[in-house]
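Notes for the one structure printed next.
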Amino acid sequence: MSEKFKVEVVTPKGIVLDKQVEEVIAPGIMGEFGVLIGHTPMLTFIKPGIFSYLEGDKFTKFAVGSGFCEVLKDAVTVLVDEAYKLEEIDSQQTAAELHGLEQQLTAIDASADPEGYEQLINKIKVARAKIALTSGS
C-alpha cells in the first residue's frame, strides 16, 4: 500500500475536498502533472481541466477552473475559481451552457476586452472539462 498525503481543493465557496490520498493528477499550465508523497515542493498554475486523486484503487475526478497548486512533501493544496464533482454536473445543462458561451465568444472583441475574452475562454474550457467528465473521457 502506498503512503498517503493530504490533498485539499478550495474554491471561493469553500473547501471542496480534504482527504488523505495516494496520488494526485492535476492540469498544470505546462501539461498534466502527478504528485506522490515526498514530491519536490513547488508552486504552479492550474489551468481549467480535470483534476483527479487516487484513493485505494479508484481515481476520483473533478472538473476544475484556473488557479494555483502548492505541492509540499506531505500535502497538496489546490486553489481554483471553481470545482465540480461528477455528481454535481448535469450534462444537458452543461452542453447548453457551452453552446451559449461559444456564441458569446463569436461576439466578443478580444482586442477591446482581453480580460473578458480570457475569462470567457476559461469558462468554455471548464464547460468542456465538465462534459468530458460526464462522458467518461
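Below are the figures for this structure:
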read-out	value
Boolean, residue 21 is farther than 24 Å from residue 124 by Cα and either touching a strand residue (DSSP E or B) at 6+ places or on another chain (Cβ under 8 Å) or not hydroxyl-bearing (Ser, Thr, Tyr) (or both)	yes
Candidate set: segment 54-96, residues that are in contact with a Gly (Cβ under 6 Å, 6 or more places away or on another chain) and closer than 22 Å to residue 122 by Cβ; chosen: the one surrounded by the most Cβ atoms within 10 Å (Cβ to Cβ)	80
Among the candidates 52, 111, residue that is of a type in the set (Ser, Thr, Tyr) and closer than 26 Å to residue 4 by Cα	52
Residue within segment 56-63 that is modelled with pLDDT of 95 or more and of a type in the set (A, V, I, L, M) present	yes
Some residue of segment 31-53 being free of Cβ contacts under 8 Å to residues at least 24 places away in the same chain, charged (D, E, K, R) and in contact with a strand residue (DSSP E or B) (Cβ under 9 Å, 6 or more places away or on another chain)	yes
For residue 106: the one exception among (1) over 15 Å from the mean Cα position of the chain (by Cα); (2) among the hydroxyl-bearing types (Ser, Thr, Tyr); (3) surrounded by 14 or more Cβ atoms within 10 Å (Cβ to Cβ)	(3)
Residue match in segment 63-84 (condition: out of contact with any strand residue (DSSP E or B) (no Cβ under 9 Å at 6 or more places or on another chain) and over 16 Å from residue 27 (Cα atoms))	no
Conditions (1) under 21 Å from residue 9 (Cβ atoms); (2) surrounded by 12 or more Cβ atoms within 10 Å (Cβ to Cβ); (3) over 13 Å from the mean Cα position of the chain (by Cα); (4) among the hydroxyl-bearing types (Ser, Thr, Tyr); number of the one not met by residue 40	(2)
Criterion (out of contact with any Leu (no Cβ under 9 Å at 6 or more places or on another chain) and over 28 Å from residue 23 (Cβ atoms)) met by exactly one of 136, 100	100
So residue 101, is it over 20 Å from the mean Cα position of the chain (by Cα), part of a helix (DSSP H, G or I), surrounded by 13 or more Cβ atoms within 10 Å (Cβ to Cβ) and not small (Gly, Ala, Ser)	no
Subset tally (residues that are among the β-branched types (Val, Ile, Thr) and closer than 16 Å to residue 6 by Cβ) for segment 26-38	2
Complete set of residues in segment 100-122 that are within 17 Å of residue 84 (Cβ to Cβ) and without any contact (Cβ under 8 Å) to a residue 40 or more places away in the chain	101
Matching residues in segment 5-35 - criterion: being part of a loop (DSSP other than H, G, I, E, B) and either exposed (fewer than 13 other Cβ atoms within 10 Å of the Cβ) or basic (Lys, Arg) (or both)	12, 13, 29, 30
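The values are calculated or read from the model by the stated rules, or taken from the named source; none is laboratory data. Since the model is a prediction, treat every value here as computed from it, not as a measurement. As a convention, Cβ positions derive from the backbone with ideal geometry for all residues, glycine included, and neighbour counts pool all protein chains shown.
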